[in-house]
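As structure tokens, the structure follows; a few thoughts come after it.
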Amino acid sequence: MNLSTFPPRHWVQRLRGGASAPPRAGLRDALLAGTGGMLAISLLMVLTATTGVPALMAPLGASCYLVFAVSGSPFAQPRSVIGGHLVSTAVGLIVLALAGPEWWAMGIAVGLAIVAMQLTRTDHPPAGADPLVVLLMRPDWLFLATPVLLGAAVIVGTALVFNNLRPGSGYPKYWRG
């Protein structure tokens, strides 16, 4: 290997990027997206407080961003939000059962969750964190029902109402792939 030509010019060019950043959201759209996220998370907290059943985990906050700020994205569709969280959490629970909460199992669990979401067409980037939550918390299989399924379903339900009350918005774009 000739170090005088490393790294290649084309590689350096790729690191620079070529596109401009997307346009800034308008204040109205940003406030509406924030309001939707606030409502969904507040509803999950009210459910938790009144029933004693945990309905919230950190990755659901990132799900709110997608569902309320970029609701037309494939990552924000109900199939991806609910399916992605279920698939990724299940992967985390399987890895936890087989390997335990080892440091090396965390990388394997996240990698397998990415593969599983892509193969099931339930791509949802916030769900990529679910296996980490599982391996750090060490929950039982009931975790799939609550907070995962309950939390994702409440976010999607809130988006179905809130996003369709917003002028010019329609949610979802699709249910099935």
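The values are calculated or read from the model by the stated rules, or taken from the named source; none is laboratory data. Note that this is a predicted model, so its numbers are computed, not measured. Counting neighbours? That spans all protein chains shown, and the Cβs are built from the backbone with ideal geometry, glycine included. The area values use the complete protein model at the heavy-atom level, side chains included, leaving out ligands, DNA and RNA. Shrake-Rupley method; radii C 1.70, N 1.55, O 1.52, S 1.80 Å.
For this structure, a couple of remarks:
- Residue list for segment 110-142, filter: in a loop (DSSP other than H, G, I, E, B) and open to solvent by less than 20 Å² (accessible area, probe 1.4 Å): T122, H124
- Residues considered: G107, G61. Of these, the only one that is open to solvent by 20 Å² or more (accessible area, probe 1.4 Å), under 29 Å from L32 (Cα atoms) and in a helix (DSSP H, G or I) is G61.
- The residue that is least open to solvent (accessible area, probe 1.4 Å), counting only those in segment 67-96 that are small (G, A, S), part of a helix (DSSP H, G or I) and closer than 24 Å to R28 by Cβ, is A76.
- Taking the listed residues A55, A99, the one that is without any contact (Cβ under 8 Å) to a residue 24 or more places away in the chain, surrounded by 14 or more Cβ atoms within 10 Å (Cβ to Cβ) and of a type in the set (G, A, S) is A99, with no other qualifying.
- Meets criteria (more than 13 Å from the chain's Cα centre (by Cα) and more than 23 Å from P54 (Cβ to Cβ)) for G170: yes
- Boolean, G17 is open to solvent by less than 90 Å² (accessible area, probe 1.4 Å), more than 26 Å from G107 (Cβ to Cβ) and modelled with pLDDT under 95: yes
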